[in-house]
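Report on the following structure.
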Amino acid sequence: YYKPKSRALILAIAVIDFCFAGPIDVGLAWLADNRFDGGATAFGIVLSAFGGGAVIGTIIAGTIKFKRPGLTLTVICALAGIGLGLYGIVPDVLSAVILSVPMGVGVGIFNIVLVTWVQRESPSHMIGRVMSLVAFASVGLMPFSFAITGLLVDTYSSIMFAVAGGITFLTSFYLLSVPAVRQSD
């Protein structure tokens with residue numbers, strides 16, 4: 001059954017979540033402890049800003065009907081990649097918070113638009129199977145992302161964020177290359 005659009009979206013979910021999981025959960029903790037000198041407090045503040053932005057994003061996505069979900073996802077993916085890369089150069093907690101709020105808003109919108117779109121495109125008898133693939137793509141690679149980030153962050157923190165952001169940014173071009181995603185309505 002899996003249409004090209006569904007395959008593209010599930011692949012994009014896997015790549016994006018792999019690129020985000022380690023850098024956000026492990027990389028930001030490292031930044032909070034090593035660059036921001038704020039430890040757990042700084043980490044909590046930055047994650048709260050990201051989470052608050054995500055709440056705002058889900059509210060926005062729940063109140064606005066996006067006419068071009070594929071284009072919306074592609075733009076947010078590109079901007080999220082840029083933001084993820086910028087974490088590698090933020091000098092302090094305030095800068096990380098200022099970056100985290102719009103990142104969270106984008107992720108909140110992205111998740112709602114994506115899940116809604118995938119479910120709308122799936123036959124009703126296949127939604128459970130499709131969503132299990134979405135969940136696996138989302139969380140299945142997280143342990144590897146955590147491990148790789150943990151190995152790299154002490155020595156290559158800025159490069160690690162730049163590479164993760166760059167891959168996320170390039171994923172937006174992959175989404176644009178799929179006609180069913182690009183021409184969505």
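The values are calculated or read from the model by the stated rules, or taken from the named source; none is laboratory data. Remember, it's a predicted structure, so these values are computed and weren't measured experimentally. Backbone-built Cβ (ideal geometry, glycine too); neighbour counts: all protein chains shown. With ligands, DNA and RNA removed, areas are computed over all heavy atoms of the protein, side chains included. Shrake-Rupley method; radii C 1.70, N 1.55, O 1.52, S 1.80 Å.
Taking label positions 7 Å along the Cα-Cβ direction at both I82 and R68, the computed distance is 1.7 nm, reported to one decimal.
For F144 and M126 in the same chain, what is the full-extension length gain: residue separation times 0.36 nm, less their Cα-Cα distance, in nm? Mind showing how you got there, number by number?
Numbers: separation 18, 0.36 × 18 = 6.48 nm, distance 2.86 nm.
Full extension from F144 to M126 adds 3.6 nm.
Only aspartates and glutamates eight or more places from K65 in sequence, or on another chain, were considered; those with a Cα closer than 19 Å are E121, D185. Relative to the longest principal axis of the Cα atoms of the chain, the long axis of helix 69-86 lies at roughly 10 degrees. Here the Karplus relation 6.51 cos²θ - 1.76 cosθ + 1.60, evaluated at θ = phi - 60°, turns the backbone of region 119-130 into coupling constants of 5, 5, 7, 8, x, 4, 6, 10, 4, x, 5, 5 Hz, with x for every Gly and Pro.
For the chain, what is the calculated [θ] at 222 nm in deg cm²/dmol (nearest 500), taking -39500 (n - 2.57) for each run of four or more DSSP H residues and dividing by its residue count? Intermediate results must be reported in sequence, preceding the final value.
Working: 8 runs with 151 residues, N = 185.
Roughly -28000 deg cm²/dmol at 222 nm, from the helical runs in the chain.
For the chain, which whole percent of the accessible surface, found with a 1.4 angstrom probe, sits on carbon and sulfur atoms? In the chain, the share of accessible area belonging to carbon and sulfur is 72 percent. Taking region 113-168 on its own, what percent of its Cα-Cα pair distances exceed 12 Å? Percentage above 12 Å: 72.
What do the square roots of 5 times the Cα gyration tensor eigenvalues come to for region 6-64, in whole Å, largest first, as semi-axes of the equivalent ellipsoid? Present the calculation step by step, with values, prior to reporting the outcome.
On the way: eigenvalues 142, 66, 5 Å².
Over the Cα atoms of region 6-64, the semi-axes work out to 27, 18, 5 Å.
Extension gain for L94-N34 works out to 20.1 nm (0.36 nm per residue, less the C-alpha to C-alpha distance). Each label was represented as a point 7 Å from its Cα along the Cα-to-Cβ direction; for A135 and V115 these points are 1.1 nm apart.
The angle between the Cα long axis of helix 39-63 and the main principal axis of the chain comes to about 20°, on a 0 to 90 degree scale.
Ordering of 115-126, 85-96 by packing is 85-96, 115-126, highest average first (other Cβ atoms within 10 Å, averaged per residue). Computed from Cα atoms, the angle from the helix 4-22 axis to the main principal axis of the chain rounds to 10 degrees.
Note the full-extension length gain between I159 and S177 as 0.36 nm times their separation in residues minus their Cα-Cα distance, in nm to one decimal.
Full extension of this stretch gives 3.8 nm more.
Farthest toward the positive end of the dipole of region 34-185, out of L141, G106, L176, is the Cα of L176, where the dipole comes from beta carbon charges about the Cα centre. Solvent exposure of the chain, expressed per residue, is 48 Å² of accessible area, with all protein chains present and a 1.4 angstrom probe. Both radii were evaluated on the Cα set of the chain; the Rg over Rh quotient, with Rh as the Kirkwood radius, amounts to 0.99.
Give me the Kirkwood hydrodynamic radius of region 64-148, using the inverse of the mean 1/r over all pairs of distinct Cα atoms, in Å to one decimal.
Values: mean 1/r = 0.0674 Å⁻¹.
One decimal place: 14.8 Å for the Kirkwood radius.
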